[in-house]
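A.B. asks: For reference, the structure I am asking about is given below.
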Amino acid sequence: MEAARESMAALVDAGLYDCAQTLGCFLVSSSPASSEAGMSMKVESLVLHGDALHGEKEFRRALSAYKQAMQYSKNIPRQATSNTRSSVTATGRSPSPNSSSLAPLNENEVKFKIALCYSALREHREALQEMEGIPSKARTLKMNLMLGKLYRISRNNRAAAVCYKECLRQCPYVFEAITALAEMGLSSKEFSLIFSQAPNRGGKAPGDSLDAQRWWNRYVEAQCCIASNDYKGGLDIYLDLMQRFPNNVHILLEIAKVEAIIGRNDEAIMNFEKARLIDPNIMTYMDEYAILLKSKSDYTKLNKLVHDMLHIDPARPETCLALAALWERKDERKALTYAEKSLRVDDRHITGYIMKGNLHLLLNRPDLAVTDFRGAQELRADLRSYQGLVRAYLALSKCKDALFTAREAMKVMHQSAKALKLVGDVHAISSSGREKARKFYESAIRLEPGFLGAALALADLHVAEGRNKDAVLLLERYLRQWADDSLHIKLAQVFAATNMLSDALSHYQSALRINPHNEAAKKGLERLEKQMKGVDPDAPEEDEENEADDVDGDQDDAELLYVRYV
């Protein structure tokens, strides 16, 4: 069977797992010779069979094969094989299946494979137990990275940090370790100290190494800024790096992601589109892009994006969330099923929790939304999870919890206008807190003069207190500097409330010229036209129910196509 075993190894190495696992059924079922050589061959056949099954994503079967290999290996006398230990390859099998030397099983490598199977089955505790059985000095780069992930999942950040640091000592360009350590609070100076301990690979000239070190240290500094919620500092560094690496898709996506978090939606959309022009098949953060398109009511682009993503990879969590964004307009419950599906695919996908929380708020289930936003915060707290929690607590009339959360956001995100506005939102709920709310909104505007969210909230506060003129002056002042559809809509609403209908009409039309897809402007204009005709806009129409049925039946062919895909 030596020739068949050699062929199976070749099939596994070539990625032909289906053929390999079928051949493996013959090898592992053959009666092993009672000799030590026969036992070694049996062990190797089982490891190869496990590799083939793992490649086929049959993780439970692969787990069984690896464990059988470990059990058989224990019955092979160690003394007879100790002299050949150095000949074992990193794959867990001997370098040649028909070799006359009796190479022992690389138990550490097989333990790692067992851990990979457990992790794929989301049995993280069992995976961690296997990985902890590998001596620290025997751990390779991929083993340390895996162990770091498992420690982090088990919330043992101290042990995770040790593993991630060891990864960077072996290779400073392990991006996942950089991100994880930054989120755990490691400073850029501490990173530099770790990098100094990494080996100099390739014997590069000092000048080349210094150049690489400069841009890499800047990238790491940006990661540290973003992880500590210093979004402005991180963006400035990323923009600087774009000068050094123009058309870098990774940096473009990182810039767009941060811009989406802090509410710079137009800039984020522009950068996502740039990234897609450079690489049309990119999937990273495309769920964020989909959510932005939905917020702009640009369903033409959203349809196209979802179609492309389904063609590239329908099983990715980003695709599920893009579908959720698409369905939210017509069927919030169906959108929720896609958000839940994204978390079944990857239960550590933060955007999935954010989307699920927002959908639960739309479905009037703030209690479930709290759980979703807390899930996002356990993975990584950012502005959107704080905003979602505050909205959920306010919907539950838990004003103290909302205020505590908003203040926590303000402490975590130093000098953040968005966090200040969040505290103001909580105070604005009650008439007694409006003065405090006004001070927080004004502080947010002073800190970030271009923050339209604070200006709109302050305008609402003026209207609530009967100061419509102040609201108009504030909004018109902003319009002189920022041509934004949301400002026109707010002005139209104020004018409509004070019966200045022609002015309201003008601003709704201006909003639609800026963004023809704006649903709020369309609905506001429809309501205003009824007012101008002397019709009560709140009065129910006789055929309203029939019209609703027609809308439900009028589904785009493209959307039906998406349903067939998934």
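The values are calculated or read from the model by the stated rules, or taken from the named source; none is laboratory data. Bear in mind the structure is a predicted one, so any value in this text is a computation, not a measurement. For neighbour counting, all protein chains shown are included, and Cβ atoms are generated from backbone atoms with ideal geometry for every residue, glycine included. Calculation scope for accessible area: heavy atoms of the full protein, side chains included, ligands and nucleic acids excluded. Shrake-Rupley method; radii C 1.70, N 1.55, O 1.52, S 1.80 Å.
A.B. asks: Per-residue accessible area for Ile194 at 1.4 Å probe radius, Å² rounded to 10?
C.D. replies: Counting only protein heavy atoms, the figure is 10 Å².
A.B. asks: Report Rg (one decimal) and Dmax (nearest whole number) for segment 486-537, counting Cα atoms only, units Å.
C.D. replies: Rg and Dmax of segment 486-537, Cα atoms, are 9.9, 28 Å.
A.B. asks: What figure, in Å² to the nearest 10, do you get for the accessible area of Asp367 with a 1.4 Å probe and non-protein molecules left out?
C.D. replies: The value for Asp367 is about 70 Å².
A.B. asks: If you don't mind, there's one more thing I want to ask. Have a look at Pro449, Gly534, Phe59 and report the one farthest towards the positive end of the charge dipole of the chain, computed about the Cα centre with Cβ charges (Lys/Arg +1, Asp/Glu -1).
C.D. replies: Phe59
A.B. asks: Can you tell which of Leu141, Tyr17, Ala376 lies farthest toward the positive end of the dipole of the chain, using +1 and -1 charges on the Cβ of basic and acidic side chains (Lys, Arg; Asp, Glu)?
C.D. replies: The listed residue farthest towards the positive side: Leu141.
A.B. asks: If contacts are Cα pairs under 8 angstrom and at least 6 residues apart, what is the relative contact order of the chain in percent? Working shown, then result.
C.D. replies: Values: 714 pairs, mean separation 31.0, N = 566.
The value is 5 percent.
A.B. asks: Something else now. What's the angle, to the nearest 10 degrees (0 to 90), between helix 317-327's Cα axis and the longest principal axis of the chain?
C.D. replies: Relative to the chain, helix 317-327 is tipped by roughly 30 degrees.
A.B. asks: Which lysines, on any chain, are close to Lys523 with Cα under 18 Å apart, when same-chain ones fewer than 8 places away are left out?
C.D. replies: Result set, ordered by chain and number: Lys294, Lys296, Lys330, Lys490, Lys533.
A.B. asks: Step through the table entries Lys411/Lys439; Lys418/Lys439; Lys111/Lys149; Lys165/Lys341; Lys400/Lys436, compare each Cα-Cα distance with 25 Å, and write down the pairs that go over it. Walk me through the intermediate numbers first.
C.D. replies: On the way: Lys411/Lys439 17 Å; Lys418/Lys439 14 Å; Lys111/Lys149 16 Å; Lys165/Lys341 34 Å; Lys400/Lys436 15 Å.
Violating the 25 Å Cα-Cα cut-off are Lys165/Lys341.
A.B. asks: Going highest first, how would you order 144-152, 329-337, 66-74, 277-285 by mean Cβ packing within 10 Å?
C.D. replies: Numbers: 144-152: 23.4, 329-337: 15.6, 66-74: 18.4, 277-285: 13.9.
Going from most to least packed, we get 144-152, 66-74, 329-337, 277-285.
A.B. asks: How would segment 458-504 be classified by its alpha-carbon gyration tensor: rounded, prolate or oblate, with rounded meaning a/c under 1.5 and the a/b versus b/c comparison settling the rest? Please list the in-between numbers first.
C.D. replies: On the way: a/c = 1.98, a/b = 1.21, b/c = 1.63.
Here segment 458-504 falls in the oblate category.
A.B. asks: Next question, about the same structure. Tilt of helix 485-497 relative to the longest C-alpha principal axis of the chain, in degrees (0 to 90, nearest 10)?
C.D. replies: 40
A.B. asks: Could you sort Cys225, Cys399 by accessible area so the largest value comes first, with the probe set to 1.4 Å? Provide the component values of the computation, followed by the final result.
C.D. replies: On the way: Cys225 25, Cys399 60 Å².
Solvent-accessible surface, decreasing: Cys399, Cys225.
A.B. asks: Here's something else I'd like to know. Hey, what's the chain come to in accessible area per residue, 1.4 Å probe, Å²? Provide the component values of the computation, followed by the final result.
C.D. replies: On the way: 28300 Å² over 566 residues.
Ligands and nucleic acids excluded, the result is 50 Å² per residue.
A.B. asks: With every protein chain kept in the model, how would you rank Met143, Met41, Met1 by accessible area, 1.4 Å probe, largest at the top? Let's see the in-between values first.
C.D. replies: Numbers: Met143 5, Met41 35, Met1 110 Å².
Of Met143, Met41, Met1, the descending order of accessible area is Met1, Met41, Met143.
A.B. asks: Using only alpha-carbon positions, what ratio does the radius of gyration of the chain give when scaled by 2.2 N^0.38 Å?
C.D. replies: Working: Rg = 29.5 Å, N = 566, 2.2 N^0.38 = 24.5 Å.
Normalised Cα radius of gyration, the chain: 1.20.
A.B. asks: Here's something else I'd like to know. Please work out how much accessible surface His462 shows to a 1.4 Å probe, ignoring ligands, DNA and RNA, in Å² rounded to 10.
C.D. replies: For His462, solvent-accessible area is about 20 Å².
A.B. asks: I need the shape label for segment 402-482. Rule: rounded when a/c is under 1.5, else prolate if a/b > b/c, else oblate, with a, b, c from the alpha carbon gyration tensor. Mind showing how you got there, number by number?
C.D. replies: Working: a/c = 3.05, a/b = 1.30, b/c = 2.35.
Since a/c reaches 1.5 but b/c is at least a/b, the shape of segment 402-482 is classed as oblate.
A.B. asks: Post the alpha-carbon centroid distance, segment 141-155 to segment 406-430, in whole angstrom.
C.D. replies: 34
A.B. asks: From the protein chains alone at 1.4 Å, what is the descending order of accessible area for Arg480, Arg158, largest first?
C.D. replies: Working: Arg480 180, Arg158 200 Å².
If we order Arg480, Arg158 from most to least accessible, we get Arg158, Arg480.
A.B. asks: Quick one: with all protein chains in place, what share of the accessible area of the chain is carbon or sulfur, to the nearest percent (1.4 Å probe)? Please report the intermediate quantities before stating the final value.
C.D. replies: Numbers: 14200 of 28300 Å².
On the chain, the fraction of accessible area on carbon and sulfur atoms equals 50 percent.
A.B. asks: Using 7 Å Cα-to-Cβ label points, what is the Lys137/Lys57 separation (nm, one decimal)?
C.D. replies: 4.1
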